[in-house]
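Some notes on the structure that comes next.
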Amino acid sequence: MKKIGIVVLLLTSMVGFSQKMMTRSGEIKFDATVGSSVDEVKATSNTVSCIFDKATGDIAVQAMVKSFKFKSPLMEEHFNENYMESDKLPKTTFKGKVVGFEGKSGSFDVEGDLTIHGVTQKVKTKMTVTVAAGKVSIAGNFTVKLKDYNIDVPALAKKTLAETAKLSVNLDLAPKP
């Protein structure tokens, strides 16, 4: 009977120290504005989901394409209907690893598979991971070429829509319940 009690105590304590962190309110911003253009092609999503395993460094991020909000409703409509085809391809994902993460704050390589517009590409970038007060924050910036994800920029749009997009990621994670 004593052994069963010890096993239950060990299992309970292991569950209490879960290594999985998550958020449903992460932020991704993108900017595909042509340098001197008056029309900004910028949007933000504040409903990005992420699960991060502190023990392995595995990370999975998902954003619904329609969650990106623009200043201009017309630009948002063009983004969803003409470029991202969000009814047909509703989400963008990243599945990968924070390389070398051992539970401490620092700058780390993050590499894995980024899927945008139904196309998956290998990516590698640097991200800052901050560990404090039982929480983890992951933040960084990188760029993607739209053509790599089969997103065509028509000739008429080239004055306002760049061929590369700058992405900014900010994920504040708490222990998974």
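The values are calculated or read from the model by the stated rules, or taken from the named source; none is laboratory data. Quick caveat, the model's predicted, so the values are computed rather than measured. Counting neighbours? That spans all protein chains shown, and the Cβs are built from the backbone with ideal geometry, glycine included.
Residue pairs whose Cβ atoms lie under 7 Å apart, sitting 6 or more positions apart in sequence or on different chains, and linking a residue in the stretch 17-30 that is modelled with pLDDT under 95 to a partner that is part of a loop (DSSP other than H, G, I, E, B), are Ser18/Lys176; Gln19/Lys54; Gln19/Ala55. Lys88 meets the conditions (1) modelled with pLDDT of 95 or more; (2) touching a strand residue (DSSP E or B) at 6+ places or on another chain (Cβ under 8 Å) in every case but one. The failed one is (2).
In the stretch 45-65, the residues that are among the acidic types (Asp, Glu) reach residues that are at pLDDT 95 or above and in a strand (DSSP E or B) with C-beta atoms within less than 7 angstrom, at least six apart or across chains, in these pairs: Asp53/Lys20; Asp58/Lys97.
If I filter the stretch 66-85 down to residues being charged (D, E, K, R), part of a helix (DSSP H, G or I) and farther than 15 Å from Asp31 by Cβ, which single residue comes out as nearest to the chain's Cα centre (by Cα)?
Step one: list which residues in the stretch 66-85 are charged (D, E, K, R), which gives 66, 69, 71, 76-77, 81, 85.
Pick out the ones that are also part of a helix (DSSP H, G or I) and you get 66, 76-77, 81.
Filter once more, so that each one left must be farther than 15 Å from Asp31 by Cβ: 66, 77, 81.
Numbers: Lys66: 15, Glu77: 22, Glu81: 22 Å.
The qualifying residue nearest to the chain's Cα centre (by Cα) is Lys66.
Scanning the stretch 139-162 for residues that are exposed (fewer than 14 other Cβ atoms within 10 Å of the Cβ), at pLDDT 90 or above and either touching a helix residue (DSSP H, G or I) at 6+ places or on another chain (Cβ under 9 Å) or not in a strand (DSSP E or B) (or both) yields a count of 2. On inspection, Phe52 qualifies as in contact with an Asp or Glu (Cβ under 9 Å, 6 or more places away or on another chain), more than 21 Å from His117 (Cβ to Cβ) and either at pLDDT below 95 or crowded, with 18+ Cβ neighbours inside 10 Å (or both).
Scanning the stretch 58-101 for residues that are surrounded by fewer than 18 Cβ atoms within 10 Å (Cβ to Cβ) and closer than 19 Å to Val123 by Cβ yields a total of 10. Take the residues in the stretch 102-121 that are more than 13 Å from the chain's Cα centre (by Cα) and under 17 Å from Gly57 (Cα atoms), then tell me which one is surrounded by the most Cβ atoms within 10 Å (Cβ to Cβ). Here the residue is Phe108.
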